[in-house]
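First up is the structure itself, then whatever we jot down about it.
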């Protein structure tokens with residue numbers, strides 16, 4: 001059996017007395033694009049902070065490519081690529097310098113980093129911007145650089161936390177298509193969003209509301225199960241009911 | 001190899017960033033130079049004819065405060081990099097560092113070493129200008145002061161890092177300025193020798209003696225004149241280790257302050 005790209009089991013988390021996640025569990029298989037859909041405040045960012053180990057998960061288990069992210073944190077993080085919601089590029093450095101920094105943090109040597117940077121930028125049609133300072137790039141291009149960066153160390157799992165925030169429609173579409181292509185190539189993807197138009201019918205869907213998983217499964221399957229016509233209705237039905 | 005690559009990348013990034021921010025570069029130099037050229041000129045003969053180690057003879061005030069101003073560079077830079085960590089965390093680039101597949105203590109220590117390298121660069125530039133101004137310690141002092149700068153820089157950087165682990169927002173940096181930097185600087189041997197403080201207030205003198213910044217300044221002062229001060233060295237080393245341990249604790253996802261913060 002293939003090892004899932006991500007396994008989340010019985011994870012709960014609270015900020016003081018306020019419960020942010022309550023017994024959350026789901027799996028992202030390799031080669032699948034899973035959409036973590038939920039309204040603002042559903043717990044998506046908290047879950048991402050737990051997967052990336054910015055927070056610790058005191059209960060439950062999170063495994064990335066089979067590695068427990070608490071007990072084998074380094075192995076788990078080595079197989080994880082992340083695009084955070086906030087911009088994380090150094091604006092005063094060039095695209096190349098930003099990517100090199102990341103490559104070194106993942107232990108890639110100079111020559112190997114060089115090769116992979118060239119390949120990733122070419123894949124995103126960004127080769128001509130390699131020596132450009134990030135400050136001079138538009139929001140859409142900056143996001144592409146962040147995706148290239150997240151892929152440099154060839155992760156098993158790619159996490160994207162609302163990556164289309166602030167992007168225009170063509171950039172959003174390009175990003176959605178690119179990420180789906182990555183999943184077709186075998187990568188596991190977890191994409192957090194509250195925008196239903198970013199979801200494809202064949203995607204895996206995880207609906208999170210008030211810290212609890214309300215539904216998991218392929219989009220078309222969930223639509224059929226709930227006997228509704230569209231994803232918008234799925235969202236409405238699952239996020240209206242009380243916790 | 002992975003560890004070394006990451007360390008050199010973190011240091012390289014910090015130096016590049018520093019060189020790109022010319023305003024910060026100039027400001028970091030102007031501050032101690034104003035103290036040297038203006039403040040110290042006004043108090044030129046204030047030390048009278050007292051001879052205190054490591055000096056062989058009585059000295060002018062400018063000469064006395066030069067090591068203190070080097071300490072000031074380390075102090076301000078240590079705190080400024082703590083500011084940049086709060087900013088980085090808000091902006092997200094600290095996240096990129098913390099999700100690297102290396103132990104967190106190593107990443108934080110590397111970050112600390114990187115900001116110390118920037119401090120040392122500034123300190124030597126300041127010493128070079130001071131040399132032209134006539135503050136000329138023995139040549140060997142410039143070499144011997146290097147380890148003292150590394151240790152002092154690490155100690156103050158670790159303090160800044162610890163503070164940054166529980167500062168929620170950028171605005172709180174003004175508080176750090178008022179409640180940490182100024183008391184640490186003025187209640188130290190950077191601007192006046194202990195015996196002067198002792199004359200006016202034994203309590204303040206005691207506080208200054210146990211201020212880790214004082215010990216870092218004395219370590220730098222002695223090293224700059226070719227001498228080793230074991231007490232100041234031991235004190236600075238121990239406080240550095242304590243602050244570093246606290247900083248690593250502060251950034252630990254399960255034990256520190258990260259979990260309680262949320263977003």
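Remarks
- By the compact-protein rule of thumb, 2.2 N^0.38 Å, the alpha-carbon radius of gyration of segment A:89-154 corresponds to a ratio of 0.97.
- Whole-number percent relative contact order across chain A, with pairs defined as alpha carbons under 8 Å at least 6 apart: 28 percent
- Shape descriptor for segment B:1-139: Rg over Rh equals 1.09 (Cα atoms; Rh from the Kirkwood inverse mean 1/r).
- Computed from the Kirkwood radius of its Cα pairs, the Stokes-Einstein diffusion coefficient for segment B:71-150 at 20 °C and 1.002 mPa s stands at 149 µm²/s.
- Volume in Å³ per residue [convex hull over Cα atoms, computed for segment A:1-145]: 146 Å³
- Additional length obtainable on full extension of the chain from residue A:136 to residue A:110, 0.36 nm per residue less Cα span: 6.8 nm
- Beta bridges by DSSP in chain A, antiparallel share as percent, to the nearest 5: 55 percent
- Remark: B:35, B:105 ranked as B:105, B:35, counting other beta-carbon atoms within 10 Å and listing the fewest first.
- Chain B: relative contact order as a whole-number percent, Cα under 8 Å and 6+ apart: 25 percent
- Protection-proxy order for peptides A:146-156, A:19-29, B:69-79, each taking the mean of Cβ atoms within 10 Å per residue, highest first: B:69-79, A:146-156, A:19-29
- When you work out D = kT/(6 pi eta Rh) for the protein assembly as shown at 25 °C and 0.890 mPa s, using the Kirkwood radius from C-alpha pairs as Rh and the Stokes-Einstein form, the result is 98 µm²/s.
- Calculated on C-alpha atoms, the gyration radius of segment B:2-253 divided by its Kirkwood radius gives an Rg/Rh of 0.97.
- Shielding of peptide A:47-59 by partners, expressed as the average count of other chain Cβ atoms within 10 Å per residue Cβ, is 4.
- Computed Kirkwood radius, in angstrom, where 1/r is averaged over Cα pairs of chain A: 18.5 Å
- The angle between the Cα long axis of helix B:212-224 and the main principal axis of chain B comes to about 60°, on a 0 to 90 degree scale.
Only the coordinates and a few stated rules stand behind these numbers; no lab work does. It should be emphasised that the depicted structure is a prediction, and the values quoted were computed from it without experimental measurement. Don't worry about glycine lacking a Cβ; one is built from the backbone with ideal geometry, like all the others, and counts go over all protein chains shown.
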